[in-house]
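Participant: This structure is in structure tokens; I'll ask about it shortly.
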Amino acid sequence: MSTYFITGISTEVGKTVASAIVTEALEADYWKPIQAGDLDNSDTQKVERLVSNKISKFHPNAYALNTAMSPHAAAEIDGLVIELDTIIVPKTKNNLVIEGAGGLLVPINNKNTILDLIKPDYNVIVVSRHYLGSINHTLLTLNLLKEHGFDASLIFSGNEHKTTEEIIQKMTQVNVIGRINEEPYFDDNVVREYAELFKDKL
């Protein structure tokens, strides 16, 4: 069984919807190690609502922090220090989708970042959404992963931006799984349609 780690080039780029789609496509388990803020409507709860297969299991966060900000700062507000060795990957006989928080270099404490959660055998998927500066953020993310030995894949999120997507592909030769378009809404039916589209590329 394989583990897929989903990260983004920034925050609010569509990681959670992408995680739901990949979870549905693989009928995988899902785990968000660190949730910061929105505990009443967490990313785990959102993904669980969007996934319709009966096989996926949804594992509890290692850390559920009250404030929507960088994990290191949210933990400090809660009187905690996030320790890397307490973030234990759930045991499962199924494929596992892990959703990160923000981008790769988001601090989780004074010395570790989200990148430190990614183990050498993980399949890394980067979610890239177009905005002014997103080419730089995408290239930085993909190059950092490459430096650490990861051959990441990419999912574009939002409406097509041809010149942006073309230059990213030309400069990185990255495997593109597909695009999640700007949909009027996302529900389990929409997620299932994307899961079918992406399944063969995962």
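Participant: Quantify, in whole percent, the carbon and sulfur part of the accessible surface of the stretch 114-202 (1.4 Å probe; protein heavy atoms only).
Facilitator: That share works out to 48 percent.
Participant: Want the number for residue 116 to residue 39: 0.36 nm per residue separation, take away the alpha-carbon distance, what's left?
Facilitator: Once the chain is fully extended between residue 116 and residue 39, it gains 25.3 nm.
Participant: Next question, about the same structure. Leaving out ligands, DNA and RNA, and with a 1.4 Å probe, what % of the accessible surface on the stretch 50-89 is carbon or sulfur?
Facilitator: After summing per-atom areas, the C and S share lands at 57 percent.
Participant: Check which residues have an amide H placed less than 5 Å from residue 109's amide H, if you skip close sequence neighbours.
Facilitator: HN-HN under 5 Å from residue 109: empty list.
Participant: Between residue 175 and residue 83, with labels modelled 7 Å along Cα→Cβ, what's the label distance in nm to one decimal, could you check?
Facilitator: According to this spin-label approximation, the distance is 3.7 nm.
Participant: Counting heavy atoms of the protein chains only and a 1.4 Å probe, report the per residue accessible area for the chain as a whole number of Å².
Facilitator: 51 Å²
Participant: Another question about this same structure. Provide the per-residue ³J(HN,Hα) series for the stretch 73-90, in order, calculated from phi with Karplus coefficients 6.51, -1.76, 1.60 and θ = phi - 60°, each as a whole number of Hz, with x at glycine and proline positions.
Facilitator: Per residue, the Karplus-derived 3J(HN,Hα) values read 7, 4, 5, 4, 4, 7, x, 10, 10, 6, 9, 4, 6, 9, 8, 9, 4, x Hz.
Participant: Would you list, by chain and number, the aspartates and glutamates whose Cα falls below 15 Å from the Cα of residue 91, excluding same-chain residues fewer than 8 positions away?
Facilitator: Reachable aspartates and glutamates: 29.
Participant: Okay, moving on. Can you compute the label reach from residue 144? Point 7 Å from Cα along the Cβ direction, backbone N cut-off under 18 Å, restricted to the stretch 1-23.
Facilitator: Residues 5-16 fall inside that zone.
Participant: Just to check I understand the Karplus step: with θ = phi - 60° and J = 6.51 cos²θ - 1.76 cosθ + 1.60, what whole-Hz values come out for the stretch 98-106, glycine and proline as x?
Facilitator: 10, 9, x, 10, x, x, 5, 9, 5
Participant: Which value in deg cm²/dmol, rounded to the nearest 500, describes the helix-derived mean residue ellipticity at 222 nm for the chain, given -39,500 (n - 2.57) per DSSP H run of n ≥ 4 and division by the residue count?
Facilitator: Calculated at 222 nm, the ellipticity per residue is -9500 deg cm²/dmol.
Participant: Here's something else I'd like to know. Counting only protein chains, not ligands or nucleic acids, how are 122, 30 ordered by accessible area (probe 1.4 Å), most first?
Facilitator: From most accessible down to least: 122, 30.
The values are calculated or read from the model by the stated rules, or taken from the named source; none is laboratory data. This is a predicted model, so every value here is computed, not measured. All Cβ positions, glycine included, derive from the backbone under ideal geometry; neighbour counts span all protein chains shown. Only protein heavy atoms, including side chains, enter the accessible area calculation; ligands, DNA and RNA are left aside. Shrake-Rupley method; radii C 1.70, N 1.55, O 1.52, S 1.80 Å.
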